[in-house]
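Each remark here refers to the structure printed beneath this line.
The values are calculated or read from the model by the stated rules, or taken from the named source; none is laboratory data. Quick caveat: nothing in here was measured; it's all calculated off a predicted structure. Glycine also receives a Cβ, built like all others from the backbone with ideal geometry; neighbour counts cover every protein chain displayed. To get the accessible areas, we keep the full protein, side chains included, count just its heavy atoms, and leave off ligands, DNA and RNA. Shrake-Rupley method; radii C 1.70, N 1.55, O 1.52, S 1.80 Å.
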Amino acid sequence: DGICNHIKIMVVRCVPNGDERDKDVANAIRYAVDNGAKIINMSFGKYYGTNKAAVDEAVKYAMNRDVLIVHAAGNEGYNLKGKQHFPTRDYADHSGQAKAWIEVGASQPNMQPASFSNYGKKDVDLFAPGTEIYSTTPDNTYQSLQGTSMASPVVAGCASLLRAYFPD
């Protein structure tokens with residue numbers, strides 16, 4: 001349950017315990033779009049891509065259907081300038097970039113970037129709460145967690161609230 005009571009959440013797990021595969025990411029994006037998603041939260045990332053073209057095609061598919069993608073920036077404390085953190089809004093074929101893409105870093109309660117959060121003047125769009133996030137965990141338990149994977153859903157939730165009020 002969140003701040004926007006009249007939205008639906010579609011859970012699509014494309015990342016096994018371990019490395020996400022590009023074909024699974026691409027298929028998950030297409031599945032979500034085909035089943036009505038208007039905002040896709042992607043709380044995962046890596047520093048290499050084996051089939052970026054497939055992911056780019058899926059992202060273009062989402063962009064052509066008015067879908068916003070919200071992506072976690074990563075937790076290594078890196079300046080992402082000059083680094084690739086996949087998936088990325090930049091298309092490998094140099095045809096441009098996804099316009100409806102928000103890259104999210106994690107902030108602390110004092111509204112400063114968290115020390116672990118990746119950042120970048122042009123590579124991270126905004127920061128959202130990403131520390132001391134009380135979240136669900138397996139076996140009906142809860143735990144305080146941190147990371148850009150906690151911050152990204154905060155932005156996706158705010159975007160859903162905005163979209164509910166301004167659908168066009």
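Quote to one decimal, in nm, the extra length available between Leu162 and Lys122 on full extension: 0.36 nm per residue of separation minus the C-alpha distance between them.
12.0 nm
Would you mind telling me which residue in Gly49, Gly82, Gly105 has the biggest mean-square fluctuation in a Gaussian network model of the chain, where springs connect alpha carbons within a distance under 10 angstrom?
Of the options given, Gly82 has the highest mean-square fluctuation.
Which residue fluctuates the most in the chain, going by a Gaussian network model with Cα springs under 10 Å, if the choices are Gly130, Gly96, Gly74?
Largest GNM mean-square fluctuation: Gly96.
Let me check the size of region 51-121 from its C-alpha atoms; what are the radius of gyration and Dmax in Å?
Calculated on Cα positions, Rg and Dmax stand at 13.4, 40 Å.
Just to be sure I understand: with springs between alpha-carbon atoms less than 10 Å apart, which residue in Ser152, Ser117, Ser144 has the highest mean-square fluctuation in the Gaussian network model of the chain?
Maximum fluctuation in the GNM of the chain, among the listed residues, is at Ser144.
Could you put Arg13, Arg21, Arg163 in order of accessible surface area, largest first, with the 1.4 Å probe and the full protein assembly present?
Ranked list, largest accessible area first: Arg13, Arg21, Arg163.
Leaving ligands, DNA and RNA out of it, work out the accessible area of Leu161 with a 1.4 Å probe and give it in Å² to the nearest 10.
Its accessible surface works out to 50 Å², give or take rounding.
Restricting to lysines 8 or more places apart or on different chains, can you count the pairs in the chain with Cα atoms under 13 Å from each other?
9
Kyte-Doolittle cut-off 1.0, length cut-off 15 Å along the helix's own axis using Cα: show which whole DSSP H helices in the chain pass.
Taking the DSSP H segments of the chain (at least 15 Å long, mean hydropathy at least 1.0), we get none.
Calculate for the chain the 222 nm mean residue ellipticity that helices alone would give, adding -39,500 (n - 2.57) per DSSP H run of length 4 or more and normalising by residue count, nearest 500 deg cm²/dmol.
Calculated mean residue ellipticity at 222 nm is -8500 deg cm²/dmol.
If DNA, RNA and ligands are ignored and the probe is 1.4 Å, what is the ranking of Lys60, Lys46 by accessible area, most exposed first?
Solvent-accessible surface, decreasing: Lys60, Lys46.
In region 80-148, which trypsin sites (Lys or Arg not before Pro) are in a loop and have at most 13 other Cβ atoms within 10 Å, using DSSP for the loop call?
When the trypsin sites (Lys or Arg not before Pro) of region 80-148 are filtered for loop state and at most 13 Cβ neighbours within 10 Å, Lys81, Lys99, Lys121, Lys122 remain.
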